[in-house]
Amino acid sequence: MSRARWIAVAAGILLAAGGPLCGVERFPPPEFTGGHVLPETTVPGPEPRTAGWVDVTVLLAGLVLAAWVSLKLRSRAAMVVLSLGALAYFGFWRRGCVCAIGSVQNVARGVADAEYAVPLAVAAFFVLPLVFALIWGRAFCAGVCPHGAIQDLVLVKPVKVPRWLDAGLRVVPWVYLGLAVLLAATGGLFIICKYDPFVGIFRMSGSRAMLLTGAGLLVLGMFVGRPYCRYLCPLGVLLGVSSRAAKWRPTVTPGACTQCRLCESACPFGALDYGSSEVPEQERLATERKRVLVMLLAAPVAVLGFGWLGGKAGLATTAWHPDGKLAALVAAGEKGELKGGIPDEVTAYRRQGARRDEVYARAAAVENRALPIGRVIGGLLGLVLAAKAGQAFFPKRSRDYQTDPEHCVSCTRCFSACPYELARRGIPIETPEEGKTMGEANEK
Amino acid sequence: MPENDGKLTRRGLLHSGMRGAGLLGFGGAAGFLAGREERSRTVWQIDPDKCIQCGLCATECVLEVSAVKCVHSHGMCGYCELCTGYFEPEPIALDEGAENQLCPTGAIERAFVEDPYYEYRIKEDLCVGCGKCVKGCNMFGNGSLYLQVRHDRCIDCNVCAIATACPSQAFRRVPATEPYLLRGKGDGEK
Amino acid sequence: MRVAEGAAGKDGRTMSEDETRPEQVEPAARKTPENRRAFLRTAAWGGGIAGIGGLAGYAAHRFAKRQGGRASREAALGEEFKYDVSRFQKSDPSLLRYEEAERWPVAEAAGEPRNIAAGPAGGICVAGDGGIQKIDPEGGAGWVKQLRSAVYAVAMRPSGEILTGHRGEISVLDGGGAVRDVWSDFPEGFLPTGMDVWGGEVFVADAGNRVVLRIDGSGRTMGVIGQRDPGRNVRGFVVPSPYFTVRMAPDGLLRVTNPGAHRIEAFTVDGDFELAWGKASFAVEGFCGCCNPVSFDIFADGSFVTCEKGLPRVKLYDSHGEFTGLVAGPEAFPDYVKAANAGTPDSRGTGIYAAVDPTGDVVVLDPMGRNVRLMKRKETADA
């Protein structure tokens, strides 16, 4: 133990021993004639946990390996092994906590609340996957995230999600992110942790609702690839945006793309971009201009509109904040609207001697903080939605068949559909029958 | 991606710019936040003086069996034959019959010490942390029974689900080296 | 180009037949697996959507229920987890023999109220953590005397002197509150929580050592009463919490509470145990909880007024220990009941204390409400 810790322990012991001497009254227990010894209250300490830095080291190693496997080694088998290892360690061994998805909330709270200290490990869990995504793509999603790993495990019969549905559903994680950041920043309510569908499975316990949701998502995941990752994960959208700027991202072909189209249905997640080679250059440029125009026109409207909406949402979140909840209950109690007895919160506040105006003042303070934060988050969300609208209506298509810069999770499944990849691997090529991909036709 | 050379330059520049900005932003945020880091590890604990035994400790914990259990500060206990934390109000008889016991899971053990003193111990494997005995002890007795988070069971969530639900905000973070907020400042003292 | 095996086999066509056909496989050959796939896809989608919808509905239902606060909580934990003594917190109004005539607040300077005494010459003295407060029922404000340590017991001599019991010592104050003498020749752990004056002697209930001390006028301990002695048929006092009271009764026997045994015991001044009465019960006739009564006083005719904690009740018993009525029931102490139901502890200072003044009225100290009430006998009450 460090010296400071020794001093603290010694001081604690002295204080504890000197407690009765300091006038802290305690009525003595009975005197036992038989010399009975009073049992001590046991104080089992928390398990000496694998220090945060061990988790961060494993995370870093996993990220490096995942990036290397997806970019250099280009092996699906290796990625599967890596993701299973991550599932075992981060999922079942560490029971899903601390996780990178949840770290968003800690960081949000840290930014908004000057007194909140984000633990170093949590900050690392936030930064590292994003930094890797910025440079090497979403290697985190394929090789390190236990949620992704468990969904990958159950994928048996991928079904293509229609474009319109996909575009619509991809808005959901942005809204979820906005809400989670808003709640974390204003009151320290961590809804991502509370409503995480898979952590109950990792811990082998949890509320019935969440366990059923997790199981349901896994059943869905048998047919719709990675439903949580694509349509719910709040970190996924941040990783996606970061991955757009990546210098090196997974490529379907190890070399050049000759648009042979053999990989067209190779991605179970709809994250393969292609198709502009059939479109004349003029039309492609026109589409791009229209997209930019739509985004520019929609952006101010969306920012203002969603900013206003965000402010309203911010005010609404005070009802979930403990101070806001208490103020609402106290007000209802005074109007005589409380049915079914006095709620515990009111009992507790009365017992603790807090005054009514203090309670109202605290709730007002929460509201005052939540309003600007909500507006900012709403505005940002509006900006994102404007961009998404532009993308949805005027999708960009690339000439080469390449992984989508935002949505590709680096799972390396598409590699085995490319004949050049197969050639690199030294595998004799079987051309597939209609409806099958190269990968399926050449499965060992 | 090697595409049209002209496009690459513009897009490449844009991407490099985004990348740089992103790295600066994330790295800066992490550094700034890490600078505020608390030095010691902290864990969750209940302040027994704020607790109102609402029962949420038993139901809100993410674990199937809550990590919150009742603990007994023997130094504060009166060792009464009629313990109001052990017996139902108006027991039929002052014995260990289940119909007389307050605890719904039978987690309190009653042992005769000497006339007229009895010792009461909590069997942690049976306790669910509902706080019924705590209520009985606080209302009529010395308040030697109270709820605490047991750290050999607690998995130390980022944000404790019980803490979020607690109506009296009795949960707070304490140093991991002193993870309990005990009443009576130790036992066995006279 | 080799056609993958399987399709030809399922169809029954031979390889040689296929080789002569164009590369396009006949529609008929594709029907079965293609349809099966389509069926599977539709079924999966339908099942998935239905499942998600069902889950969402169930989750919303559970979430809505959760918002109910107390209602949902009681649904989650069964009835057997509820601690409910509300049926004892109501009293039968026909049992009330006294009514409140006047009420005085306890001054802030007196601190947490700890005990009360009614002087033989009139006047009420309240003991608290900060000192003592003297109340004059005839009118005029009382005065507060702040003392250097908390007062747990108080008694008034006929001469007007006030005796205050502190941890480890007893102070003698004059009628104006000035400290005249301090007696400190007491054993370790001395904590007087009850005192009575009789003749020139003082009887002190020492909760710390669980005995009654007989002290002469100069502070010298003359005798110890109540020490456990099976030979003398003395069980010993069971005092689990600092509530222990002694009073001299008109019949010349000391009455002492034995809270752990839920009874009041009678001793001679020499320490011989004579008799006891009282039973443990939550019903109005008995003493509730684990250690009651916390305080009592005796009328001129030998009947008793007792106070309990947990269920705040001030009750009347005759000289034989038969219950005769209520001075005040739990309804008279709403703050106390609310705090007790809230479950936060305060094992010090949540007693209720009563004293009988020379005119036969009862003064009741309510520490949680910080007031002293003068209770007068009702006109219509039957004896």
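The values are calculated or read from the model by the stated rules, or taken from the named source; none is laboratory data. Just so you know, these numbers come straight off a predicted model, no measurement behind them. Ideal geometry is used to build each Cβ from the backbone, glycine not excepted, and the neighbour counts take in all protein chains shown.
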> Which condition number does B:Asp95 fail, the rest of (1) more than 25 Å from the chain's Cα centre (by Cα); (2) within 13 Å of chain C (Cβ to nearest Cβ); (3) of a type outside the set (A, V, I, L, M, F, W, C) being met?
Replying inline: (2)
> Considering only the range B:137-153, how many residues are surrounded by 24 or more Cβ atoms within 10 Å (Cβ to Cβ) and facing chain A (nearest Cβ under 8 Å)?
Replying inline: 1
>> Can you pull out every residue in the range A:399-409 that is under 29 Å from A:Ala149 (Cα atoms) and either away from every other protein chain (no Cβ under 11 Å) or assigned to a loop (DSSP other than H, G, I, E, B) (or both)?
In response: A:Asp400, A:Tyr401, A:Asp404, A:Pro405, A:Glu406, A:His407, A:Cys408, A:Val409
>> Of everything in the range A:118-154, what is more than 10 Å from every other protein chain (Cβ to nearest Cβ) and surrounded by fewer than 19 Cβ atoms within 10 Å (Cβ to Cβ)? Give them in sequence order.
In response: A:Leu153, A:Val154
> Going through the range B:174-190 one residue at a time, which ones are at the interface with chain A (Cβ under 7 Å from one of its Cβ atoms), out of contact with any Pro (no Cβ under 7 Å at 6 or more places or on another chain) and modelled with pLDDT of 85 or more?
Replying inline: B:Glu178, B:Tyr180, B:Leu182
>> Within the range A:429-437, does at least one residue satisfy the condition of being touching a residue at least 60 places away in the same chain (Cβ under 8 Å) and in contact with a Lys or Arg (Cβ under 6 Å, 6 or more places away or on another chain)?
In response: no
> What number of residues in the range C:117-131 are assigned to a loop (DSSP other than H, G, I, E, B), buried (at least 19 other Cβ atoms within 10 Å of the Cβ) and more than 25 Å from the chain's Cα centre (by Cα)?
Replying inline: 2
> Is it the case that some residue within the range B:67-82 is aromatic (Phe, Trp, Tyr) and over 23 Å from C:Arg228 (Cα atoms)?
Replying inline: no
>> Against the definition (assigned to a helix (DSSP H, G or I) and modelled with pLDDT under 85), how does A:Arg284 come out, yes or no?
In response: yes
> Mind checking which residues of the range C:100-116 are in contact (Cβ under 8 Å) with a residue 24 or more places away in the chain and either buried (at least 18 other Cβ atoms within 10 Å of the Cβ) or over 24 Å from C:Glu331 (Cβ atoms) (or both)?
Replying inline: C:Trp104, C:Val106, C:Ala107, C:Ala109, C:Ala110, C:Gly111, C:Pro113, C:Arg114, C:Asn115, C:Ile116
>> Could you list, ordered by first residue, the pairs with Cβ atoms under 8 Å in which the first is in the range B:11-32 and more than 7 Å from chain A (Cβ to nearest Cβ) and the second is modelled with pLDDT of 80 or more and in a helix (DSSP H, G or I), at least 6 apart or interchain?
In response: none
> Taking only pairs six or more apart or across chains, which ones have beta-carbon atoms under 6 Å, a first residue in the range A:388-414 that is buried (at least 24 other Cβ atoms within 10 Å of the Cβ), and a second residue that is among the β-branched types (Val, Ile, Thr)?
Replying inline: A:Tyr401/A:Val252; A:Cys414/A:Val252
> Taking the range B:154-165 as the search range and keeping residues that are assigned to a helix (DSSP H, G or I) and within 7 Å of another protein chain (Cβ to nearest Cβ), which one is surrounded by the most Cβ atoms within 10 Å (Cβ to Cβ)?
Replying inline: B:Thr164
> Only one of these conditions is not met by B:Phe171: (1) facing another protein chain (nearest Cβ under 7 Å); (2) crowded, with 19+ Cβ neighbours inside 10 Å. Which number is it?
Replying inline: (1)
> Which of (1) in a loop (DSSP other than H, G, I, E, B); (2) away from chain B (no Cβ under 14 Å); (3) in contact with a helix residue (DSSP H, G or I) (Cβ under 6 Å, 6 or more places away or on another chain) is the odd one out, the single condition A:Leu218 does not satisfy?
Replying inline: (1)
>> Going by what's in this entry, would A:Val252 be described as part of a loop (DSSP other than H, G, I, E, B), among the aliphatic types (A, V, I, L, M), more than 10 Å from every other protein chain (Cβ to nearest Cβ) and closer than 23 Å to A:Pro268 by Cα?
In response: yes
>> Looking at B:Leu8, B:Leu24, B:Leu33, B:Leu13, can you tell me which residue is in contact with a Pro (Cβ under 8 Å, 6 or more places away or on another chain), at pLDDT below 90 and either buried (at least 23 other Cβ atoms within 10 Å of the Cβ) or not assigned by TED's automatic domain parsing to the domain that holds B:Met139 (or both)?
In response: B:Leu8
> Looking only at the range C:279-297, which residues are touching a Phe, Trp or Tyr at 6+ places or on another chain (Cβ under 6 Å) and touching a residue at least 24 places away in the same chain (Cβ under 8 Å)?
Replying inline: C:Phe282, C:Glu285, C:Cys288, C:Cys290, C:Pro293, C:Val294, C:Ser295, C:Phe296
>> Exactly one of these conditions fails for A:Tyr89: (1) farther than 26 Å from B:Glu64 by Cβ; (2) of a type in the set (Ser, Thr, Tyr); (3) not in a loop (DSSP other than H, G, I, E, B). Give me its number.
In response: (1)
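Results for (1) part of a loop (DSSP other than H, G, I, E, B); (2) without any contact (Cβ under 8 Å) to a residue 60 or more places away in the chain; (3) within 14 Å of chain C (Cβ to nearest Cβ); (4) under 30 Å from A:Ala185 (Cα atoms), shown as yes or no for each residue.
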{"position": "B:Trp44", "(1), (2), (3), (4)": "no, no, no, yes"}
{"position": "B:Gln53", "(1), (2), (3), (4)": "yes, no, yes, yes"}
{"position": "B:Thr59", "(1), (2), (3), (4)": "no, yes, yes, yes"}
{"position": "B:Val62", "(1), (2), (3), (4)": "yes, no, no, yes"}
{"position": "B:Gly78", "(1), (2), (3), (4)": "yes, no, yes, no"}
{"position": "B:Cys103", "(1), (2), (3), (4)": "yes, yes, yes, no"}
{"position": "B:Val113", "(1), (2), (3), (4)": "no, yes, yes, no"}
{"position": "B:Glu119", "(1), (2), (3), (4)": "no, yes, yes, no"}
